[in-house]
Amino acid sequence: MPATLLQTHRVEKPWGRHDLWPGFDDQPQDQQPIGEIWFQEPGDTTPDLLIKYLFTSKPLSVQVHPDDEQARARGLPRGKDECWNILAAQPDSTIALGTKAPIDKDRLRQGAEDGSIEGLLDWKPVTPGDFLYCASDTIHAIGGGLTVIEIQQNSETTYRLYDYGSDRELHLKDGIDVADPVPYVPIASPGDAGDGRHLQVEGPKFVLERWTGGERPVKLPAGKTGWLVPIKGSGEVAGVAWRAGQCVTVTGEETVTASADADLLFAYPGAERMVL
């Protein structure tokens, strides 16, 4: 099918929230908080990308992911680069990315074991509208008070280095093996792509654009899939209607028609821009 409206999967998390985001029903107060909403294709599929919303009330664990080569050496299909568009943030919200200064693996292990890793990390303040790309070997921790859209390689391989004294399992050997404990270097945004399109990321693992409303032609090569993520507004593509809080996959050559107030993300795997 040229366009498919994806199913949503609500994931309960102890660090999640009951108040979510426009387009989603709030979670009843007598139920566990929702930390993530995943968009998944019907059936048993393994697409290249996974789209999520995150709703945080507390900091997530300090973690790191393997890259493609490290993942395949462990029998996994791919690594996990990811990026975040910040939709909402409390005034004191932060995300840890990288370390304040380069450290060796022994110091990283010590910090993970005695808790001093919190002070080694570079906790960056974030505000609505911020965009951050997190490469697979980057040590990171998403803070509390955030609503985030996460675009990622489709992998849930996470090595937890530290979890604030909780009893959840840590993965120190694997995590320290794949981590690069150095200061974070932001990826440069390629910038304005013209006609209301802003190019946020161009590779190495996926391309991500942010669009305003109107008609947006899409032409994807055979075998390639794009993910349309409406932050605001509504519209249709290939006869499939969509609205904020949903996600649609698109293939082939189609035109996305979006309301004038629309704010859209469009993502597809690859190292270079190819839809126009």
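Side notes on the structure shown:
- Among the criteria (1) modelled with pLDDT of 95 or more; (2) more than 18 Å from the chain's Cα centre (by Cα), the one ARG74 does not fulfil is (1).
- On the stretch given as the stretch 199-219, residues that are buried (at least 17 other Cβ atoms within 10 Å of the Cβ) and more than 19 Å from ALA244 (Cα to Cα) total 7.
Each row is one residue, and each column tells you yes or no for (1) of a type in the set (Gly, Ala, Ser); (2) within 22 Å of ILE86 (Cβ to Cβ); (3) in contact with a strand residue (DSSP E or B) (Cβ under 7 Å, 6 or more places away or on another chain); (4) touching a residue at least 12 places away in the same chain (Cβ under 8 Å).
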| residue | (1), (2), (3), (4) |
| --- | --- |
| VAL229 | no, yes, yes, yes |
| GLU236 | no, no, yes, yes |
| VAL240 | no, no, yes, yes |
| GLN246 | no, yes, yes, yes |
| THR251 | no, no, no, yes |
| THR255 | no, no, yes, yes |
| ASP263 | no, yes, yes, yes |
| ALA267 | yes, yes, yes, yes |
| MET274 | no, no, no, yes |
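- Scanning the stretch 9-35 for residues that are in a strand (DSSP E or B) and in contact with a Ser or Thr (Cβ under 6 Å, 6 or more places away or on another chain) yields TRP15, ARG17.
- Which numbered condition GLY79 fails, given (1) assigned to a strand (DSSP E or B); (2) in contact with a helix residue (DSSP H, G or I) (Cβ under 8 Å, 6 or more places away or on another chain); (3) not β-branched (Val, Ile, Thr): (1)
- Of the residues contained in the stretch 143-153, none is found to be modelled with pLDDT of 95 or more, outside any strand (DSSP E or B) and buried (at least 22 other Cβ atoms within 10 Å of the Cβ).
Per-residue answers, yes or no, for (1) modelled with pLDDT of 95 or more; (2) polar (S, T, N, Q); (3) surrounded by fewer than 16 Cβ atoms within 10 Å (Cβ to Cβ); (4) under 20 Å from GLN200 (Cα atoms):
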| position | (1), (2), (3), (4) |
| --- | --- |
| GLY239 | yes, no, yes, no |
| GLN246 | yes, yes, no, no |
| THR255 | yes, yes, yes, no |
| ALA262 | yes, no, no, yes |
| LEU276 | no, no, yes, yes |
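- Qualifying residue in the stretch 173-192 (condition: of a type outside the set (A, V, I, L, M), modelled with pLDDT under 95 and either crowded, with 17+ Cβ neighbours inside 10 Å or assigned to a strand (DSSP E or B) (or both)): yes
- The set of residues from the stretch 220-231 being buried (at least 17 other Cβ atoms within 10 Å of the Cβ) and either assigned to a strand (DSSP E or B) or on the phi > 0 side of the Ramachandran plot (or both) comprises GLY226, TRP227, LEU228, VAL229, PRO230, ILE231.
- Residues in the stretch 264-274 that are in contact with a Phe, Trp or Tyr (Cβ under 7 Å, 6 or more places away or on another chain) and either polar (S, T, N, Q) or surrounded by fewer than 20 Cβ atoms within 10 Å (Cβ to Cβ) (or both): PRO269, GLY270.
- All positions within the stretch 37-81 that are touching a residue at least 40 places away in the same chain (Cβ under 8 Å), among the charged types (D, E, K, R) and within 17 Å of LEU6 (Cβ to Cβ): GLU41, ASP48, LYS52
- For the stretch 93-116, filtered to residues that are among the β-branched types (Val, Ile, Thr) and closer than 21 Å to SER57 by Cα, the residue that is surrounded by the fewest Cβ atoms within 10 Å (Cβ to Cβ) is THR94.
- Screening the candidates ARG72, ARG109 for the property of being in contact with a helix residue (DSSP H, G or I) (Cβ under 7 Å, 6 or more places away or on another chain), assigned to a helix (DSSP H, G or I), farther than 23 Å from LEU228 by Cα and not hydrophobic (A, V, I, L, M, F, W, C) yields one hit, ARG109.
The values are calculated or read from the model by the stated rules, or taken from the named source; none is laboratory data. Since we're looking at a predicted model, the values are computed, not measured. As a convention, Cβ positions derive from the backbone with ideal geometry for all residues, glycine included, and neighbour counts pool all protein chains shown.
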